[in-house]
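Accompanying notes for the structure given below.
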């Protein structure tokens, strides 16, 4: 189990190791990565690494948790000023896509967690979906969306965002510096085109419906 730094300098060192691990795991994958590769990129000795992490698996688990925390924070901040649920969805997804462009390791690390550390994978998705479910339930109470099952809707929406991000951010959009469409680990670091986001939200809006649809039908 990793140790918490006792000083600000220690926290900076730990953060540097995590950032190095993000790049190393993304570039080489878990199997081909090593503590020595991580410490070399971080510019610290292996002895320093073991002050904060017990093993390669330990730093991998910490990285999954760290990426999870940062992407949830980015999405929350992105949606903070929204006045409707659909607006919150759009701004939250836009923030997710921006984060993915800046941190393409999110995809490779999380996908590898399925085999390397299944518990970390489940925790990653569970933490995201819990807040999602709460937000959809509140939107139902406010009459903004239909009576769709919020748990099913949350998982479905999360899947939509992940696949759109893979296609237009991770794989790129064919521009200069974009990744090869046949390579799911390549990163074009592109923004999702506005028309793609528009169509995505059109689809989501239709799926979530309106909360007053049933009552309108009953009155007709």
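The numbers here are math on the coordinates, done by the rules we state, and not lab data. Since we're looking at a predicted model, the values are computed, not measured. Cβ coordinates were reconstructed from backbone atoms using ideal geometry, including for glycine residues, and neighbour counts include every protein chain displayed.
The angle between the Cα long axis of helix 56-79 and the main principal axis of the chain comes to about 40°, on a 0 to 90 degree scale. Of the residues 129, 152, 169, the one with the fewest other Cβ atoms within 10 Å heads the list, and the complete ranking is 152, 129, 169. Note on residue 84 and residue 199: the model spin-label points, each 7 Å out from Cα along the C-beta direction, lie 2.2 nm apart. For the chain, the relative contact order is 17 percent, taking Cα pairs closer than 8 Å that sit 6 or more residues apart in sequence and dividing their mean separation by the residue count.
The slack in the chain from residue 207 to residue 19, taken as 0.36 nm per residue of separation less the alpha-carbon distance, amounts to 63.9 nm. Could you give the distance between the Cα centres of the range 51-99 and the range 8-35, to the whole Å? The distance from the Cα centre of the range 51-99 to that of the range 8-35 comes to 18 Å. Given R₀ = 35 Å, what would the calculated FRET efficiency be for residue 122 paired with residue 40, taking r from the Cβ atoms and rounding to 0.05? Between residue 122 and residue 40 the formula returns 0.65.
For the chain, the mean residue ellipticity at 222 nm estimated from helices alone is -23500 deg cm²/dmol, where every DSSP H run of n ≥ 4 contributes -39500 (n - 2.57) and the total is divided by all residues, rounded to the nearest 500. Residue exposure proxy: 37, 127, ordered by other Cβ atoms within 10 angstrom of their Cβ from fewest to most, comes out as 127, 37. Seen against the Cα atoms of the chain and their longest principal axis, helix 85-102 is set at about 20 degrees. Between 0 and 90 degrees, the angle of helix 194-208 with respect to the longest Cα principal axis of the chain falls at about 60 degrees. The ranking of 75, 200 from fewest to most other beta carbons within 10 Å of each one's beta carbon is 200, 75.
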